[in-house]
1. May I ask you to say which residue of ARG275, ARG267, ARG234 is within 18 Å of THR290 (Cα to Cα), under 23 Å from the mean Cα position of the chain (by Cα) and surrounded by fewer than 20 Cβ atoms within 10 Å (Cβ to Cβ)?
2. From the list GLY121, GLY92, GLY117, GLY134, exactly one residue is in contact (Cβ under 8 Å) with a residue 60 or more places away in the chain, within 19 Å of ARG422 (Cβ to Cβ) and assigned by TED's automatic domain parsing to the domain that holds PRO61. Which is it?
3. Residues SER312, SER281: which one is more than 30 Å from GLY155 (Cβ to Cβ), among the hydroxyl-bearing types (Ser, Thr, Tyr) and either free of Cβ contacts under 8 Å to residues at least 24 places away in the same chain or crowded, with 19+ Cβ neighbours inside 10 Å (or both)?
4. Residue check: is GLY106 at pLDDT below 95 and either over 27 Å from the mean Cα position of the chain (by Cα) or buried (at least 20 other Cβ atoms within 10 Å of the Cβ) (or both)?
5. Does any residue of the stretch 399-415 turn out to be in a helix (DSSP H, G or I) and among the small types (Gly, Ala, Ser)?
6. So, in the stretch 213-231, how many residues would count as being over 16 Å from PRO153 (Cβ atoms) and surrounded by fewer than 16 Cβ atoms within 10 Å (Cβ to Cβ)?
7. Based on what the data block shows, is ARG358 more than 29 Å from ALA291 (Cα to Cα) and in contact (Cβ under 8 Å) with a residue 60 or more places away in the chain?
8. With ARG358, ARG393, ARG412, ARG422 as the choices, which residue is touching an Asp or Glu at 6+ places or on another chain (Cβ under 9 Å), basic (Lys, Arg) and surrounded by 20 or more Cβ atoms within 10 Å (Cβ to Cβ)?
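The values are calculated or read from the model by the stated rules, or taken from the named source; none is laboratory data. On a predicted model such as this, the values are computed, not experimentally measured, just so you know. Heads up, the Cβs are rebuilt from the backbone with ideal geometry, glycines too, and the neighbour counts pull from every protein chain shown.
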Amino acid sequence: MPTDRHRAWLGRPAAAILAGGLAGIALLIFSLRDGGRTAPRIELGINGVPMALARDLLLPPYGWTLQVSFDPIPGSEASPELVVELREERTGMTIEVQDELRPGKGFATLTIPATLGMSEGLLAVRARARFADGTVAEDWRRLRIRPFQGGPPIGERQVVHFDFEIDRDGDGRVDFEQDLEQLGLVSPAHPELAKALASQIAERALARVVRAYDAPDDPNRTGLPRDPVAIRFRLTPALLESERPFTTRICVGGRDPAEPGSVGHVRFDARNARRASDECSDDEPAGLFTAELSAYRESALFREIMAPFDASLGGAPFGGDPARRDAVERAIAVFGDVLGTLMAHETGHALGLVAPGRPAVGLFGGERGEAYAHAVGPDGEPATEPSLMDPGRRFRFEELAGESPLGELRFRPLDYAYLRDRVVLQEPRD
């Protein structure tokens, strides 16, 4: 019979603890034939990551997601009847789950709750699908469960403060406002306009960051309408004393004297160990350097939005003329989205993305050169599908603005799983 803790999760008579074990579990996918027809294939996945990439993951005792993907029968809209069996190999506890699977298009998701009380060790998983025509397909896997050492890296209290008020050169003016003047967007004769535009771009950029960490496309395929990362993003310092030990400050504006031409860099923080890091220090400059956005001036999109303000093209910096407001709004939107994408990328580094190496030590992050702590493929080569944590020099201005055919850049499902505390990273071995 189910224990009370299992009833709290399962909650239905159809889901019960089984007495038997799953002896001789093997890694295999097979289908049964019925009348000469082959049953559609099914495949297990973890956190929205295909098993080919997820097989070495370490998973926490709860919070991660299990997917059962399937190919429907040609000509049929009906989903198969799915059953998932979970068995702890150390304790022998075995649970059969059916009603708790959340349906999706071509897949179903199971989110592992804390009430299951899963313990460290190997977890054997079997998924079985019975289709409308009676054919059956199965997939079997072994997964590894391990608690976080010292708590999850992101948790619930992390705050990121984007400081747009930095004055690195000490001239008494905010760097970001001066950057807009130097880019030619606003006239130096109207510093009040520079302040107003800076505020609007900062708000637009913050909204872009929030979209990156609250992805509408559900990267980990939880089956939930929303699945945001548990981080608060702010343009103002933390007011509560309890928040300050968990606030990372990232400054925006000016230039990097150590790396001319760099639009931004923030220190990679493995497993988010420095939860109150300050990426603004003078001895080791870091942050976003918006004075260097002119590095993208050869971009067609950059030229488009700056043409009304570029004297060489017959334009002039904005001085308050209401007739030019549409051009200004367009520039605010594009620069805001570009800057927000860069802010989301650099924040990822400050939170531990992308841990170098293969799972369970890394997250398929590069280990040297420009690829260090950036997204690469399992073979160590650049990933074929662009993502938010690619090496910065790979980004085009249009991609940063979200105006390429792929739309806005997103975190890879594996990176998003890390940000949602759905994978465990261990110390690398010497």
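1. Numbers: ARG275 fails: within 18 Å of THR290 (Cα to Cα); ARG234 fails: within 18 Å of THR290 (Cα to Cα).
Checking each option against the conditions leaves just ARG267.
2. Values: GLY121 fails: in contact (Cβ under 8 Å) with a residue 60 or more places away in the chain; GLY92 fails: within 19 Å of ARG422 (Cβ to Cβ); GLY134 fails: within 19 Å of ARG422 (Cβ to Cβ).
That would be GLY117, the only listed residue that is in contact (Cβ under 8 Å) with a residue 60 or more places away in the chain, within 19 Å of ARG422 (Cβ to Cβ) and assigned by TED's automatic domain parsing to the domain that holds PRO61.
3. Values: SER281 fails: more than 30 Å from GLY155 (Cβ to Cβ).
On inspection, the qualifying residue turns out to be SER312.
4. Numbers: at pLDDT below 95: yes; either over 27 Å from the mean Cα position of the chain (by Cα) or buried (at least 20 other Cβ atoms within 10 Å of the Cβ) (or both): no.
When the stated conditions are applied, GLY106 does not pass them.
5. First, pick out the residues of the stretch 399-415 that are in a helix (DSSP H, G or I): 399-401, 413-415.
Then drop every residue that is not among the small types (Gly, Ala, Ser), which leaves 401.
For the stretch 399-415, residues in a helix (DSSP H, G or I) and among the small types (Gly, Ala, Ser): present.
6. Total satisfying the criteria: 7.
7. On the way: more than 29 Å from ALA291 (Cα to Cα): yes; in contact (Cβ under 8 Å) with a residue 60 or more places away in the chain: yes.
Yes: the conditions hold for ARG358.
8. Numbers: ARG358 fails: surrounded by 20 or more Cβ atoms within 10 Å (Cβ to Cβ); ARG393 fails: surrounded by 20 or more Cβ atoms within 10 Å (Cβ to Cβ); ARG422 fails: touching an Asp or Glu at 6+ places or on another chain (Cβ under 9 Å).
After ruling out the rest, the residue left standing is ARG412.
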